[in-house]
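Working notes, beginning with the structure itself.
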Amino acid sequence: MIETIVNNTAVNQESILVGLGELKVTNSASVILSCLGIGSCIAVCVYDHLFKVGGMAHVVLPHCDGKPGDNLGKYADTCVPLLIDEVIKQGGNRSRLTIKIAGGAQMSLALGLKNTFKTGERNLEEVKAALNRQGLSLAAADVGGNKGRTVRMYVNTGRITVKTTGGEERDL
Amino acid sequence: MLGQVYDETLNGSEQAAVLRKGVSNAVAGLSQMVGKDIKIASINLRKVLVREIPELFGGPQEMMVGVYLAICGNTNGHMIAIYEPQTAFDLVDLLLGQAPGTTKELSDMEQSVLGEVGNIMGSFFLNHLANTTGQALQPSPPAVLMDMAGAILEVATVSVLEQSEYTYVIDTVFETSDRQVAGTFLVMPIPGLE
């Protein structure tokens, strides 16, 4: 699901949640886009510093199987090009985009969860591959480990922060 | 708070009665282990948006303790017992016969205790379903996580999202009358409605 948030004149900062499989783009300076409590999922953050357009996607799974009517925002391979396109539609320029990602943790190594080991790693591989196909590179990444993260993008400045469970909010 | 509920008609069905009994058995199992009278405060069977499930726990950023067990057999599904961290610590103290306030973090021993609790609840729930439906269902070994609700739930939500944006869940809130023991037992998707 893609949501474009149009310019608003709110004075206070407004936190907008980007949920599982969602993708949100805005040029509204008062907005903080956020992915809260992500584990194996990956928050993909795209920002144009000149026009101050920011987009965030909450990638859940690596690869889209092409089921009709499926939510393309869920999958790394379909979501990344959609996110880039939306940022460009909102005034961003491909040559000016800064891209940062966070997440891709392995939440548990317990027996019985073998299949879940790989989702974080596979999401990471697919996001990187999708960016390569777009001819774009990563400016920063905070990925892996086995703890949850909260990722925020402050659209007024393009500042992106990551808070890992047990840690402090710090810049990415 | 959870947003829109997409189907609540399940509540009156025969299948719902089986599921409710299964959940009651699970909570009764916990009661026996703990030696306290634990009641069910609410049981909801409903179809919801997968991405909104963390709202059941106050939002994806809330710190929680989760005990996860996969449902194994000819049905795929997930069971998670979720507690606020202090309540989980209190539960460990109760089970180990320690003074309240002893447990302050979850190392191997505490995780093992909570895992065992989850195992009992999961087994009692699945046994009832198996007895009623004839399906062979067992819980996987438990995984105990203390983290943000979104990250804990992802083990289940990511799996369900491979198939659909929506799912049927049973969420059961259980507690002692003094709320010393309190938590939620979540099953998704509802077996038979994947």
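What is the fewest-to-most order of B:L96, B:L30, B:L69, A:L136 by other Cβ atoms lying within 10 Å of their Cβ?
Values: B:L96 13, B:L30 22, B:L69 28, A:L136 17.
By the 10 Å Cβ count, ascending: B:L96, A:L136, B:L30, B:L69.
Please list, by residue number, everything in region A:42-69 whose backbone N is under 13 Å from a paramagnetic label point 7 Å out along Cα→Cβ of A:A129.
A:62-65
Going highest first, how would you order A:49-59, B:79-89, B:162-172 by mean Cβ packing within 10 Å?
Numbers: A:49-59: 23.6, B:79-89: 22.0, B:162-172: 19.5.
Result, highest mean first: A:49-59, B:79-89, B:162-172.
Only bridges with both residues in the protein assembly as shown count here: give the DSSP antiparallel percent, nearest 5.
Values: 69 of 82 bridges.
In the protein assembly as shown, approximately 85 percent of DSSP beta bridges are antiparallel ones.
Would you calculate a helix-derived [θ] at 222 nm for chain B, using -39,500 (n - 2.57) for each DSSP H run of n ≥ 4 and dividing by the full residue count, to the nearest 500? Please report the intermediate quantities before stating the final value.
Details: 4 runs with 72 residues, N = 194.
Result for chain B: -12500 deg cm²/dmol, rounded to the nearest 500.
So what is the relative contact order of region B:9-188, in percent, for Cα pairs below 8 Å that sit 6 or more residues apart? Could you put the intermediate results ahead of the total?
Details: 332 pairs, mean separation 65.8, N = 180.
About 37 percent, as a whole number.
Please order A:I42, B:I120 by the number of other Cβ within 10 Å, starting at the fewest.
Working: A:I42 31, B:I120 19.
Listing A:I42, B:I120 from fewest to most nearby Cβ atoms yields B:I120, A:I42.
Take each of the peptides A:26-32, A:128-134, average the number of other beta-carbon atoms within 10 Å over its residues, and list them starting from the highest. Don't jump to the answer; show the numbers that get you there.
Numbers: A:26-32: 20.1, A:128-134: 16.4.
Per-residue Cβ counts within 10 Å, averaged per peptide and sorted highest first, yield A:26-32, A:128-134.
How crowded by other chains is A:12-24, given as the mean number of beta carbons from other chains within 10 Å of each beta carbon? Mind dumping the intermediate values first?
Numbers: counts 0, 0, 0, 0, 0, 5, 1, 8, 15, 7, 1, 0, 0.
Rounded to a whole number, the mean comes out at 3.
With bins 10 Å wide starting at 0, give me the P(r) of the protein assembly as shown over every alpha carbon pair, in whole percents.
5, 25, 31, 22, 12, 4, 0
At 27 Å minimum axial length over the Cα atoms and a Kyte-Doolittle cut of -0.5, report the qualifying DSSP H helices in chain B, or say none. Spell out each step's value before the answer.
Details: long enough: B:14-34 (30 Å, 0.41); B:108-133 (36 Å, 0.14).
Long hydrophobic helices here: B:14-34, B:108-133.
Using only atoms on other chains, find how many Cβ atoms lie within 10 Å of each Cβ of peptide B:56-69 and report the average. Spell out each step's value before the answer.
Values: counts 0, 1, 0, 3, 11, 9, 2, 4, 1, 0, 2, 0, 6, 3.
Partner Cβ neighbours, averaged per residue: 3.
Which is the longest run of chain A containing none of the GluC sites (Glu not before Pro) found in DSSP loop states (not H, G, I, E, B) with at most 14 other C-beta atoms within 10 Å? Numbers along the way, then the final one.
On the way: sites that count: A:E168, A:E169.
That would be A:1-167.
First check a/c for region B:9-188, with a ≥ b ≥ c the square roots of the eigenvalues of its C-alpha gyration tensor; if it is under 1.5, answer rounded, and if not, answer prolate when a/b is larger than b/c or oblate otherwise.
Details: a/c = 1.61, a/b = 1.31, b/c = 1.23.
The shape class here is prolate.
Mind pulling the angle between the C-alpha long axis of helix A:76-89 and the longest principal axis of chain A? Nearest 10 degrees, somewhere in 0 to 90.
0
With 10 angstrom as the radius, rank A:D77, B:D7, B:D37 by how many other C-beta atoms surround their C-beta, starting from the fewest. Numbers along the way, then the final one.
Values: A:D77 17, B:D7 13, B:D37 9.
Ascending number of Cβ neighbours within 10 Å: B:D37, B:D7, A:D77.
Per residue of A:138-150, how many C-beta atoms from partner chains lie within 10 Å of its own C-beta, taken as a mean? Show your work: numbers first, answer last.
Working: counts 0, 0, 0, 0, 0, 0, 0, 0, 3, 5, 12, 4, 5.
Taking all residues of A:138-150 together, the mean is 2.
Does region B:1-97 come out rounded, prolate or oblate by the C-alpha gyration tensor, with a ≥ b ≥ c the root eigenvalues, rounded set by a/c under 1.5 and, if not, prolate when a/b is larger than b/c and oblate if not?
Details: a/c = 1.81, a/b = 1.28, b/c = 1.41.
It comes out oblate by the Cα gyration axes.
Which lysines have a Cα less than 29 Å from the Cα of A:K89, not counting those fewer than 8 places away in the same chain?
Straight-line reach from A:K89, under 29 Å: A:K24, A:K52, A:K67, A:K74, A:K100, A:K128.
If you average the sequence gap of Cα pairs under 8 Å that are 6 or more apart and divide by the length of chain A, what percent do you get for the contact order?
Values: 446 pairs, mean separation 43.0, N = 172.
Computed over chain A, the figure is 25 percent.
GNM on chain A, C-alpha springs below 10 Å: top fluctuator among A:G91, A:G104, A:G158?
Among A:G91, A:G104, A:G158, the largest mean-square fluctuation in the Gaussian network model of chain A belongs to A:G91.
No lab work stands behind these numbers, since they all come straight from the coordinates. Model, not experiment: these values are computed from the prediction. Neighbour counts are summed over all protein chains in view; Cβ atoms, including those assigned to glycine, are modelled from backbone coordinates with ideal geometry.
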